[in-house]
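The values are calculated or read from the model by the stated rules, or taken from the named source; none is laboratory data. All values reported here derive from a predicted model rather than from experimental measurement. Note: ideal-geometry Cβ built from the backbone for every residue, glycine included; neighbour counts use all protein chains shown.
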Amino acid sequence: MPRSTRPTAPGTPAWLRTRNDREALALLLEHGELTRLQLGELTGLSKPTASQMVHRLAAAGVIKETGEVSAGRGPNAVSYGVQLDVALGVAVDIEERLLTATVVDVSGAEREVVELELPARGARRSATGDVRAAIDAACAAAGADVDSVTAVCIGVQGAVDPRTDALRFTDTLPGWQRRNVRAGLEHELGLAVTIENDVNLAAVAERTRGAAAGAGGFGLLWLGKGLGFALDLAGVVQPGTSGGAGEIGYLPVPREAASLDPAARDLQDLIGGGPLVRLARRFGAAGRGYSATIDRLTTSTEARAEVVAELAPRVALGIIPVLALLDPEQIVLGGPTGAMGGAELATAVAAHVRRTTGWNPRVVPTGIPRHAVLFGACERLAGALQDQLFDRIERLSP
């Protein structure tokens, strides 16, 4: 997000006003609604100073009157809340044939989630067309004005190099330019654009509302049609210098994998979507493709147990290199396969690692079985939209 470049010296009246305004806005986002008196008590400001602060925020269009609160014997006090729709964002998760999107307001609350099927490979597509379709569909579902959208956060099955703005490690985005991808979208859409690896966004969601809440650090192993790994250290996801950290599917399989799948050359061959379908087929539970197979396994208790038992040692071989290099406090098994396997898969993987190595990891299933990437994008957008409001206040401060 662009930041205000107007210098404001610490300790000056303008600096103090801006700091108080930002603190008040943060308190309103946290509490929902507050009166002038409550804002003054929480910020430690005098009644006149708190009143001036409320007036500035209202004049900037950032807060509004939301009602009245009984003040006992005296007149009722006016309560204020943040003008949540003053800036909206759209979170987007783009898979190979499916686009998922939702509108996000400045509080971070998402609206109705919409899904759009994308044209088959070879059809005419573009990054701008895909994202614009997501914005239009999300706003229509939420009853929101498209012109109120100021930012978009997109989760992609790949990586965007922060140094060169180049899209890498993907074959699921036909028609998308590989160079200047973020800058091109910003130019075409006139919005602030963030593009992140989908598994990194899923890790953000696991940290804030999923299985890793409260963990000091954790690793998320995404088990889907494709694979990915995200490392969170004290609340910060580590994308790597080129944005390509976590492309774990490219790792060659260890020698021990030969007894499990002699044809597997890398982890994608061992625990990706294709191997899962083949395992399910052995137990009569394969559907037409990966997603259909996940659905069948989820509703077939016996076949699911058989597949989980076969899958656990494979997944264990996938996390051992992570344990050897990073030794995170916790491993979360996410993605559709992780959600399907649930606690049984997590327990079996941890037991296999303990039995065959010197590590004793805490392995847990995902806490967000659906839309983890989308919810991570919502979290990113909430911070970006709040920054926009803070900037707006600072620009309008005298």
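Residue-by-condition table, conditions (1) touching a residue at least 40 places away in the same chain (Cβ under 8 Å); (2) touching a helix residue (DSSP H, G or I) at 6+ places or on another chain (Cβ under 7 Å):
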position: Thr35; (1), (2): yes, no
position: Leu39; (1), (2): yes, yes
position: Leu42; (1), (2): no, yes
position: Ala50; (1), (2): no, yes
position: Ala77; (1), (2): yes, yes
position: Tyr80; (1), (2): yes, yes
position: Ala91; (1), (2): yes, yes
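Scanning segment 105-142 for residues that are under 14 Å from Leu189 (Cβ atoms), among the charged types (D, E, K, R) and either without any contact (Cβ under 8 Å) to a residue 40 or more places away in the chain or not assigned by TED's automatic domain parsing to the domain that holds Leu381 (or both) yields a single hit, Asp136.
Run down Asp165, Asp136 and say which single residue is charged (D, E, K, R) and farther than 20 Å from Asn200 by Cα. First the steps, then the outcome.
Working: Asp165 fails: farther than 20 Å from Asn200 by Cα.
Sole residue among the options that is charged (D, E, K, R) and farther than 20 Å from Asn200 by Cα: Asp136.
Looking at Thr194, is it polar (S, T, N, Q), in a strand (DSSP E or B) and touching a strand residue (DSSP E or B) at 6+ places or on another chain (Cβ under 8 Å)? The answer is yes for Thr194.
Taking every residue in segment 1-25 that is more than 12 Å from Val54 (Cα to Cα) and of a type in the set (A, V, I, L, M) and pairing it with any residue that is assigned to a helix (DSSP H, G or I) and modelled with pLDDT of 80 or more, at least 6 positions away or on another chain, the pairs with Cβ-Cβ distances below 7 Å are Met1/Ala384; Met1/Asp387; Met1/Gln388. When Ala343, Ala339, Ala351 are checked against the criterion of being surrounded by fewer than 24 Cβ atoms within 10 Å (Cβ to Cβ), under 23 Å from Gly235 (Cα atoms) and at pLDDT 95 or above, a single residue qualifies: Ala339.
Report whether or not Asp327 is of a type in the set (Asp, Glu), surrounded by 14 or more Cβ atoms within 10 Å (Cβ to Cβ) and either outside the structural domain of Pro162 (by TED's automatic domain parsing) or under 25 Å from Val373 (Cα atoms) (or both). Judged against the criteria, Asp327 is not a match.
For residues that are among the aromatic types (Phe, Trp, Tyr) and not in a loop (DSSP other than H, G, I, E, B), scanning just segment 352-398, find the one that is nearest to Gln330 (Cα to Cα).
Step one: filter segment 352-398 for residues among the aromatic types (Phe, Trp, Tyr), giving 359, 375, 390.
Narrowing further to those that are not in a loop (DSSP other than H, G, I, E, B): 375, 390.
Working: Phe375: 21, Phe390: 35 Å.
Taking the candidates together, the pick is Phe375.
So how many residues does segment 248-306 have that are in contact with a strand residue (DSSP E or B) (Cβ under 7 Å, 6 or more places away or on another chain) and of a type outside the set (S, T, N, Q)?
11
Here Gly216 fulfils each of the conditions (1) surrounded by 23 or more Cβ atoms within 10 Å (Cβ to Cβ); (2) at pLDDT below 95; (3) assigned by TED's automatic domain parsing to the domain that holds Ile294 apart from (1). Gly383 meets the conditions (1) among the small types (Gly, Ala, Ser); (2) within 25 Å of the chain's Cα centre (by Cα); (3) modelled with pLDDT of 95 or more in every case but one. The failed one is (3). When Glu95, Glu68 are checked against the criterion of being outside the structural domain of Leu173 (by TED's automatic domain parsing), of a type in the set (D, E, K, R) and surrounded by fewer than 23 Cβ atoms within 10 Å (Cβ to Cβ), a single residue qualifies: Glu68.
Answer yes or no as to whether Leu333 is outside any helix (DSSP H, G or I), assigned by TED's automatic domain parsing to the domain that holds Arg362, buried (at least 21 other Cβ atoms within 10 Å of the Cβ) and not charged (D, E, K, R). Steps first, please.
Values: outside any helix (DSSP H, G or I): yes; assigned by TED's automatic domain parsing to the domain that holds Arg362: yes; buried (at least 21 other Cβ atoms within 10 Å of the Cβ): yes; not charged (D, E, K, R): yes.
Yes, satisfied.
In segment 56-96, the qualifying residues are those that are under 34 Å from the mean Cα position of the chain (by Cα) and of a type in the set (Ser, Thr, Tyr), and the one that is nearest to Glu394 (Cα to Cα) is Tyr80. Where strands (runs of 3 or more DSSP E) fall entirely within segment 55-96, those with at least 3 residues that are at pLDDT 90 or above are at 88-94. Scan segment 197-231 for residues that are within 13 Å of the chain's Cα centre (by Cα) and either assigned to a helix (DSSP H, G or I) or among the small types (Gly, Ala, Ser) (or both) and the total you get is 14. Here Thr172 passes the criteria (1) within 25 Å of Asp105 (Cβ to Cβ); (2) surrounded by fewer than 18 Cβ atoms within 10 Å (Cβ to Cβ) except the one numbered (1).
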